[in-house]
Every structure is written in structure tokens, then in C-alpha cells.
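Working notes, structure below.
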Amino acid sequence: MSEANGHKTDRLACGLGWASLGLGAVQLAAPGAVSRFSGIDDSAWSRVVVRLVGIRELFHAAVLLGSRRPAPMVWTRVAGDAMDMELLRRAMSHREGARRRRVMAASAAVAGVAAADLYTAVRANRMPGARTEPTTSLRAAITVNRPRNEVYRFWHDFENLPRFMAHLESVETIAGGYSHWKAKGPWKKAVEWDAEIIEELSDEVIAWRSVRDATVRNSGVVRFTDAPGGRGTEVRVEIHYDPPAGKVGLAFARLLGEHPEQQVSDDLRRFKQVMETGEVARSEGSPEGTRAMRQVFQHAAQPVR
Amino acid sequence: MKANCWMGRNTVEVREVPDPRILNPRDAIVRITSSAICGSDLHLYDGYVPTMKKGDILGHEFMGEVVEVGPRVSTLRVGDRVVVPFPIACGSCLACEHEMYSLCENSNPNAGMAEKLMGHAPAGIFGYSHMLGGYAGGQAQYARVPFADFGPIKIEDDLPDEQVLFLSDILPTGWMGAEMCDIKPGDIIAIWGAGPVGQFAAASAYLMGAERVICIDRFPYRLEIAACAGAETLNYEEVDILDALRDMTAGRGPDACIDAVGMEAHCPVPAMQAYDRAKQATRLETDRPYALREAILACRNGGTVSVIGVYGGLVDKFPMGSFMNRSLTMKTGQCHVQRYMEPLLKRIRNNEIDPSFIITHHLRLEDAPRGYEMFKHKENDCNKVVLKPW
């Protein structure tokens, strides 16, 4: 699918976001009218349910209108449509006469909207970059105020990596460019694997990848270039890995504050601290130093026991 | 140990907390002998600085005696008497190499938080919110000082605490405020806010050769102290500042204007004050920039506006048209304290300036809550409170 079509899909998604906002607002402001219109005003719970659905619509609106590329978010609306259809099906099963006809009309309306949602969502899946790749790529960059060869040498000794990569417990180098890595996985589960260096060019680049049956298949490359005007060394990292439990696991980890993107840039920040100051900066609020999780759940700024 | 903790808006409590210990090889522990309440602490007290947490130890102006050093601190020894600069700086990043210490790239472990609000992160600061590092402050009996081999300055003679304590923040801050004005012979400098920082800025401007210095405030006792430093004074509740300044400078306007007020300015026009208070209360803006607006409008064409008052987030109704069309320059920053400590200590030793003239109250650390209330409400002509933790 072309870029232009992608933009069109985003515009469609945006329109659906405004529709959610409008509907949600009406459902919250006038739940009585909405339940009368849908033929369910005889139920004691109808106003509560309509309000809850209204809150859900505002959630759809928030994710669609608050996103730079809203199209893939339309799937949240598709899920919402399925929920509404089910609610209406149950409402229809024990209603007669005029009410039943109104529930049917509401169902037809929802079905029409669902078709539009589904159309947009399917289009979104065909957008460039929407292919569901098994691996996740993370990139980050930082400038370190040290000479390039020194920065390269420190990174090249993989046993140094746990000093600034928060999730690593240890790296042991084995002969022949191989190394054994131990990490804390999500939920404190230990993960171990072997890695090999696949490319190294003195003072310029180091690339590695996990070998054979690693539980979390991963690879990485770090490039070193001189920053202009004597500003030190630019360090650019790219990491590819299979997130454990796939995309769902990744989304869940994000919800818990474990942003992998943030973790890579945090790692680089600590790398800079170690290179420039010889230590990782620790405060009472963040006693372990820079960590995405800790920034969400800070200690009070008083000495830790 | 005892420490003064932020417990929510308008509440501080002196509580028993664990003693600090060395966390990093370049740390030192300082037994605090004097600590001050800063005007910028009132922004925290009033709840306008985001990312504060209940229990945070406040205080960023302190000095004391080194009682423990980490293995990599070779410049300090147990027993040394030191003044600690409020920005925490490593001394080896690019910012530190350029003497921009309050922009140290390595001292803020919560840089990610600050980046979300500010784009890029400044240095960590003692006791000044989690976005600025989450460091425990110095209104306490002890403090852990990171990068102790770089920041703190040794006081090797018998100068009393009162004369050197303010090297930690407000004396260098006032000095930098004046320095950013790039004062030339004949220059007239106007300073909004005649609190301790404004008073020091006035004294500094004269030391730098300013022709006249005009201090603006609404509390007569603060203006009197500024007058002792040689400044002319204006009370903005009595006169229209723009008119008065135009008159005093024969229509030119001051050559440079210093905003030593910051985010919680007051406005003599009740409707204006109410407008910004309402926006601030509903978080539509975080800062009330009357002093800044007025400083911009007052400044002569092509002049400089120097901002040392603290701002936290967003301001509203910024007179960009005046600023752009009249070729003004704005210079800003949290003070790069480490840059000024040594030269200012020399001036103190040479009796060119005695910073103790601003102190009005000595309190015990236990009385910090009373100190905050008194300072906030300007009771008892409270100009500067020094706390004694022992």
C-alpha cells in the first residue's frame, strides 16, 4: 500500500475517533435518551451500561485522536463493536414489539459502524511498516565526551556491559568471539544465552547476535563516530530481539512501565555516566540510577535504609 | 537524623529519617552546620513545581563539615569545612567543560522525566523535585554530596558560616544575574524582586560598574535592604513601574532588566492577578510571569533581559512582539554556581562584599515549618532564614 493510501487510512481513523468522541459525550451526558433510543430503557441497569460504554468510547477517541498514526488503533473500536453487538443481542432476546424493533435498529446501526471500522482496520494492517515482524527493533543514540578509541574499547569488553545495561546480570567472554550472557527477564525470570561477535571494526562498529537456541533471539550493533568539533564520540545502538510472549507480552510490559525503548536510552545514559564520571549517578529518589521503572515509582528523596 | 520534609502543598515537617550513606565512590557525607531557606523553596512549598513526592527532604543552600568520603574523593578529607553548590555537577561532561554546571549531563538520574517536560534535561539539584534528580536536600543534619571531589569549596579560614553560606546559591545567582547584563559604563539596571537574590544582584551590578541600580518590590523592608546595597527603589503597589522607569531613564528605559522573581509573581492589578491565578490553579499555565512581562516591556530597545527567577513550566501572554521587534536579548539559567564560588569567596575575604547583610532570622532546624510560614507570608520582616541543625 502506498504512503498516500496510508494517510487516507489515518484520516479515516481520525474521523472514527471524532465519531467516538461525539457518541461518548452523548452517552455520558444523556444516557436516558440513548437507552430510550436503543429500546433498552426498561432495564434498571441500562443507564449504567450506557455510561460505561460512553467511557469506553472516550477511550477510543483518546487513542485515535492522540496518536500520530491512528489507523492501527481502530482495532480497539472493532473490539468495542463486538462488545456492543453482544450487548444488543442479549437485549433483543427478551424484548417484544416496539422495543425489539428499536433494539434491532440500533443493532443495524452498530453493524454498519462495525463494517466501517473493520474496513479501516484491515486497511491499516496493509499500511507500510504494519507487517507483523517477529522481532522488535530499538534504536538510541548518545554523545560521550571521551575519545572514540576509549569508548570503543570499553564497549568491546563485553564484561563491562552489565555496568550500564540494567537488565544484564553478567557477561562472560569465551574464546573465539563468543560470550555467555545472563539477564533478568520480565517478572525477574532469569534468561541466559550465548552470543557471538559477527562484525567488528576497530573504533567504528561492533555487532553481535545470539547463537542457536537462545530463549530470546537477539542481536545488536553499536556504531562509534566522532562528534563534530571535538564534542566527543557519537554512539548509536540498534537492538533487535524477539519479545518474550510476542507483541502482546511487549504491550503488557509497556503497561507496567517497562518501555523497552526507554530502557535502551537509559542504558546509554548510564554508559555515558560510567565513561565520563566513572560511576552511575544515584539519587535518593532513584537509588539504582537511571531506570524507566524507577522514574514511574520514585522513592521519596530521603536516605534509603 | 532530623530532616525537613515536604509533606504536600503548604506543609513541611521535621521528621526522623535514616542517616545518609555513601552510595557512589565520588560521594561524601557532610554534617550540616548551616542551611538556608531559599525563595525558590517557596515554589515547592506552594506546590507549583511538578514531580515532588511526600517525604522529600528540602534544602539546597547548605554547608558543613565532611564526615565521610568515598574511595575516589581525593580532594576532600574528613574534617574539611565545605560549602556545597546547589547544582550537582560531575566536572567532566561537555556542559561542565564549558562551565555550564547547572546543565551537567550526568548528575540527573531522572533526566527522562525532565526531558518530557523540557525537551532536554538540566542537572540534578539537591532537594528540588524528582524531575531534577530526586536528591535529598540539605535542610537536615547530614547530606550525601555526589561528585564531592568536584563541587564543594573548602573554607580554610575562620570566616563565619553566615558570610560564606550563600556561596551555595543566592550570591552566585545574583552575581550571574548581573553578569548576564554585560554591564557597560553608564548602564542603568532595573531588578524585579528585592529579595535576597535581587539584593545580591544589585550589589553585584554596582561591583560590575553599573551607573544606577533600581530595585522593584512591594515590601518596604526588602526595598530598605536593597537601598542599603546602594539601590534606588520602586514600590509597584505605589507607582506604575513602566512610567516610573521611563521617567527615571529620561525615556530610554533601563539598559538591562533582571527578573529575580520567577513563577509566582504578584500583579498590582487585581483582575490580571485573578486571571493568572485561575489559569495556574487549573494547570492551564504553571507560572505567573508578571515580572517577566514587565521587564520585557520596560527594557530599552536592544537591551538585555536577564532571568534568574525560577520558572517551572509554561507561561501565558508572553510579549513576544515587544521582545522581537525591539531586538531584545534574553539570557537565562539556573546559576552555574561552581563557576563563581572561588572568585566570590575571594571578594568576601577582601571585604568587597559581606553577604551576611541579608539575614534576618536564625532558627533551629526543628523550627523550619515556622520559618517557611514566616518567609512565605513575609511576617516579622522576614528576609532570609538560616537554619541551625545542631
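Worth pointing out:
- The number of residues in segment A:239-266 that are touching a helix residue (DSSP H, G or I) at 6+ places or on another chain (Cβ under 8 Å) and either within 11 Å of chain B (Cβ to nearest Cβ) or at pLDDT 85 or above (or both) comes to 6.
This table checks each residue for (1) crowded, with 21+ Cβ neighbours inside 10 Å; (2) aliphatic (A, V, I, L, M); (3) at pLDDT below 85.
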{"residue": "B:250", "(1), (2), (3)": "no, yes, no"}
{"residue": "B:255", "(1), (2), (3)": "yes, no, no"}
{"residue": "B:261", "(1), (2), (3)": "yes, yes, no"}
{"residue": "B:266", "(1), (2), (3)": "no, no, no"}
{"residue": "B:272", "(1), (2), (3)": "no, yes, yes"}
{"residue": "B:278", "(1), (2), (3)": "no, yes, no"}
{"residue": "B:292", "(1), (2), (3)": "yes, yes, no"}
{"residue": "B:301", "(1), (2), (3)": "no, no, no"}
{"residue": "B:307", "(1), (2), (3)": "yes, yes, no"}
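- Qualifying residue in segment B:362-370 (condition: in contact with a helix residue (DSSP H, G or I) (Cβ under 9 Å, 6 or more places away or on another chain), surrounded by 14 or more Cβ atoms within 10 Å (Cβ to Cβ), within 30 Å of residue B:300 (Cβ to Cβ) and not charged (D, E, K, R)): no
- Residues of segment B:332-390 that turn out to be of a type outside the set (A, V, I, L, M) and either in a loop (DSSP other than H, G, I, E, B) or at positive phi (or both), as a count: 18
- Failed condition for residue B:250, given (1) free of Cβ contacts under 8 Å to residues at least 60 places away in the same chain; (2) touching an Asp or Glu at 6+ places or on another chain (Cβ under 6 Å): (2)
- Count of residues meeting criterion [hydrophobic (A, V, I, L, M, F, W, C) and either touching a residue at least 60 places away in the same chain (Cβ under 8 Å) or touching a strand residue (DSSP E or B) at 6+ places or on another chain (Cβ under 8 Å) (or both)] in segment A:44-90: 3
- Residues that are part of a loop (DSSP other than H, G, I, E, B), out of contact with any helix residue (DSSP H, G or I) (no Cβ under 6 Å at 6 or more places or on another chain) and at the interface with chain A (Cβ under 7 Å from one of its Cβ atoms) within segment B:109-133 comprise B:109, B:127, B:130, B:133, listed in sequence order.
- Across segment B:7-41, the qualifying residues are those that are over 23 Å from residue B:67 (Cα atoms) and among the β-branched types (Val, Ile, Thr), and the one among them that is farthest from the other protein chains (Cβ to nearest Cβ) is B:37.
- Whenever a residue of segment B:55-76 is within 11 Å of another protein chain (Cβ to nearest Cβ) and of a type in the set (Asp, Glu), its partners that are crowded, with 24+ Cβ neighbours inside 10 Å and part of a strand (DSSP E or B), lying with C-beta atoms within less than 6 angstrom and at least six residues away or across chains, give the pairs B:56/B:6.
- Every pair of residues 6+ apart whose Cβ atoms lie under 8 Å, when the first sits in segment B:143-172 and is closer than 24 Å to residue B:309 by Cβ and within 14 Å of chain A (Cβ to nearest Cβ) while the second is surrounded by 20 or more Cβ atoms within 10 Å (Cβ to Cβ) and of a type in the set (Val, Ile, Thr): B:151/B:84; B:151/B:88; B:151/B:145
- Here B:47, B:79 are screened, and the one residue that is more than 13 Å from chain A (Cβ to nearest Cβ), modelled with pLDDT of 95 or more, assigned to a loop (DSSP other than H, G, I, E, B) and in contact with a strand residue (DSSP E or B) (Cβ under 9 Å, 6 or more places away or on another chain) is B:79.
- Evaluating residue B:90 against the criteria (1) in contact (Cβ under 8 Å) with a residue 60 or more places away in the chain; (2) more than 10 Å from chain A (Cβ to nearest Cβ); (3) not aliphatic (A, V, I, L, M) leaves one unmet condition, (2).
- Considering segment A:267-282, the residues that are in a helix (DSSP H, G or I) and more than 7 Å from chain B (Cβ to nearest Cβ) include one that is modelled with the lowest pLDDT, namely A:267.
- Checking residue B:84 against (1) buried (at least 24 other Cβ atoms within 10 Å of the Cβ); (2) within 12 Å of another protein chain (Cβ to nearest Cβ), the condition it does not meet: (2)
- Among the residues making up segment A:145-196, those that are without any contact (Cβ under 8 Å) to a residue 60 or more places away in the chain and among the hydroxyl-bearing types (Ser, Thr, Tyr) are A:170, A:173, A:178, A:179.
- Of all residues in segment A:1-30, those that are free of Cβ contacts under 8 Å to residues at least 60 places away in the same chain, small (Gly, Ala, Ser) and not in a loop (DSSP other than H, G, I, E, B) total 8.
The values are calculated or read from the model by the stated rules, or taken from the named source; none is laboratory data. What you see is a predicted model, and the numbers here were worked out from it, not measured in a lab. Cβ sites come from the backbone with ideal geometry, for glycine too, and all protein chains shown count toward neighbours.
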